[in-house]
Amino acid sequence: MDLYKSNTIKVYNSLSKSKEGFKSINEGMIGMYVCGPTVYSNVHLGNVRTFMSFDMIYRYFLHLGYKVRYVRNITDAGHLENDADEGEDRIAKKARIEQLEPMEIVQRYTVDFHNTLNTFNFLPPSIEPTATGHIVEQIEIIKDILEKGMAYERNGSIYFDVLKYNETEHYGILSGRNIEDSIHNTRVLDGQSEKKNPQDFALWKKADERHIMRWPSPWSDGFPGWHLECSAMSTKYLGDNFDIHGGGMDLKFPHHECEIAQSKVNNNVNPVNYWLHTNMLTLNGQKMAKSTGNYILPNDFFTGENEHLSKAYLPSVVRFFMLQANYKSILDFSDAALLASEKGFYKLMEAVNNLDKIVVSKTSSIDVISWKKKCYEAMNDDFNTPILIANLFEGAKFINLLKEEKQTISKDYLEVLRSTINNFVFDVLGLKNTTESTIGEDKLSGVVEMLIGMRKDARDNKNWSLSDQIRDELLALGIQLKDGKDGTTFSVN
Ligand code: AMP
Ligand code: ZN
């Protein structure tokens, strides 16, 4: 059933600065592009929050039956240390410091990114293109912009002529900045002097002899400007004009503003119908960011080894914590807030697992139909996950009352309750079903595996008394070890 036909979603469009009814270009299909990570270091939880918001949005579109082409790129070249086209390429710099090939850096942190997202139960995008895989496309766009007179060459580098563009178009349409502001905010540094105006941005940079990441072009051996890759890859895979472009708020300017200008010149059409921006995850009231050292790595949550954490947490608990906030609101991380989310998460999971214990009646005393409607209304209102979760807790309350036979439900309504809970908890929010008792089992097997390892070490060292002691004491606790040719296994009696 195509649920999208009966569910109109309202999205906050950063371009119009208002909530609009969402209508895709092609019925039943959505093209969505999200700026991916620059793979020069491990992603921190702030990055994860942005990607998680779009994972939730992607999941909801899929749930509604849309066919979605979700493109999320990997930035593996061209992202300089700051936004003013200065400094070293972030990846090249890391490669220099660590004495590795840039592509080793790219590989290492792309793998880390994927592992992290898998741990948090993300769905993979439909296409994950890289900047280095699209150099030819980027050069073609630069040629076109040059031909149209909106860019100029200086010493082998090509710059987009922002002032000229702004004569006929509106540079600042997305971010709300005007050129005067941007002149005011742009530091004029020595290295920039080849630009006509400080607010021009690089489409192509000539590489100096030290720069290892370089490609031939009609203008110089060099590399593309960071903003260009997203224009090239989004329009290549989604068309000149596509439905949704997303990213963190901090990318609105200059990155997304520049994307609009480049694509507009290149294709004579506004590239994106709906711009969606996520708000920041903060720590101690400051944006989580690698550059300031104010961040927590995802892995620290699973080990609990971090000064900001009192204990280890499950990935689904961290996911639940982040989705309890609206993607457009700032979320300040605290251990106390995470602990509260953990409590709520287990309460919800317990209720989900109690669904099987409900006995059906001939009649229903609870109105699951209007409850289900409220769940959809929450998500249709710009993906309002905190309201959805509040409704899911109401569903959990129903389940517990039904289990205790304080309310009644018919077979059909129980099916509505069950499918709605499962759809939203697992498919849309992407949580994994874990209860405190299954955590206990996971922990027990971890401890037994550790003792099996210690017993093996004892045997290897011919410390028979210790190895026998481990085996016998485990047996006394009802845990039997079995030695086989592939190692030792255990069973709990
Ligand atoms: P980067 O690799 O720096 O380009 O960042 C990848 C994505 O993470 C971008 O969409 C950023 O907007 C987003 N991001 C960076 N820091 C935070 C933060 N503290 N909270 C939420 N999103 C962030
Ligand atoms: Zn981008």
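Normalised size of region 436-492, defined as Cα radius of gyration per 2.2 N^0.38 Å with N residues, equals 1.15.
Please give the length that would be gained between Met450 and Leu100 if that part of the chain were fully extended, namely 0.36 nm times their separation in residues minus their C-alpha to C-alpha distance (nm, one decimal).
122.4 nm
Mind pulling the angle between the C-alpha long axis of helix 102-119 and the longest principal axis of the chain? Nearest 10 degrees, somewhere in 0 to 90. Tilt relative to the chain: about 40 degrees.
Each of Ala351, Ile366, Phe333 was placed along the dipole of region 321-387 (beta-carbon charges, centred on the mean Cα), and the one lying farthest toward the positive end is Ile366. A full extension of the chain between Ser18 and Glu436 corresponds to an added length of 146.3 nm, given 0.36 nm per residue minus the alpha carbon distance. A Cα-only calculation for region 369-483 places Rg and Dmax at 23.7, 68 Å. Taking every alpha-carbon pair in region 3-278 and binning the separations at 5 Å intervals from zero gives 1, 6, 13, 17, 19, 17, 14, 9, 4, 2, 0, 0 percent.
With the contact rule set at Cα under 8 Å and sequence spacing of 6 or more, what percent relative contact order holds for region 3-278? All intermediate terms of the calculation are to be shown ahead of the outcome.
On the way: 450 pairs, mean separation 63.1, N = 276.
Relative contact order here is 23 percent.
Which aspartates and glutamates, if any, have their Cα less than 20 Å from the Cα of Lys287, not counting same-chain residues under 8 positions apart? Straight-line reach from Lys287, under 20 Å: Glu81, Asp83, Asp250, Asp300, Glu307, Asp332, Asp335.
For the chain, the alpha carbon convex hull comes to 191 Å³ per residue, rounded to a whole number.
Against the chain, whose longest principal axis comes from its Cα atoms, helix 335-354 is set at around 60 degrees. Rg ratio for region 1-150: its Cα radius of gyration over 2.2 N^0.38 Å, N being its residue count, equals 1.24. Reported to the nearest whole Å, the Cα centre-to-centre distance from region 223-287 to region 148-174 is 17. From most to least packed by mean Cβ count within 10 Å, the peptides 301-312, 406-417 give 406-417, 301-312. Using a cut-off of 27 Å between Cα atoms, the listed pairs Lys432/Lys482; Lys432/Lys456; Lys143/Lys164; Lys406/Lys432; Lys373/Lys411; Lys148/Lys252 include Lys432/Lys482; Lys432/Lys456; Lys406/Lys432 as exceeding that distance.
Could you size up the charge dipole of the chain around its Cα centre, putting +1 on the beta carbon of Lys and Arg and -1 on that of Asp and Glu, and report it in debye to the nearest 20?
On the way: 56 positive and 67 negative charges, 251 e Å.
So the dipole magnitude of the chain works out to roughly 1200 debye.
Within region 282-428, the proportion of C-alpha pairs whose separation exceeds 28 Å stands at 31%.
Cα centroid separation, region 362-420 to region 80-109: 50 Å. For the chain, the longest principal axis of the Cα atoms and the long axis of helix 257-267 meet at an angle of about 60 degrees.
Any read-out appearing in this document is the output of simple, stated calculations on the displayed coordinates, not a laboratory observation. For clarity, every value in this text was computed on a predicted model and none was experimentally measured. All Cβ positions, even for glycine, are placed from backbone atoms using ideal geometry, and neighbour counts span all protein chains on display.
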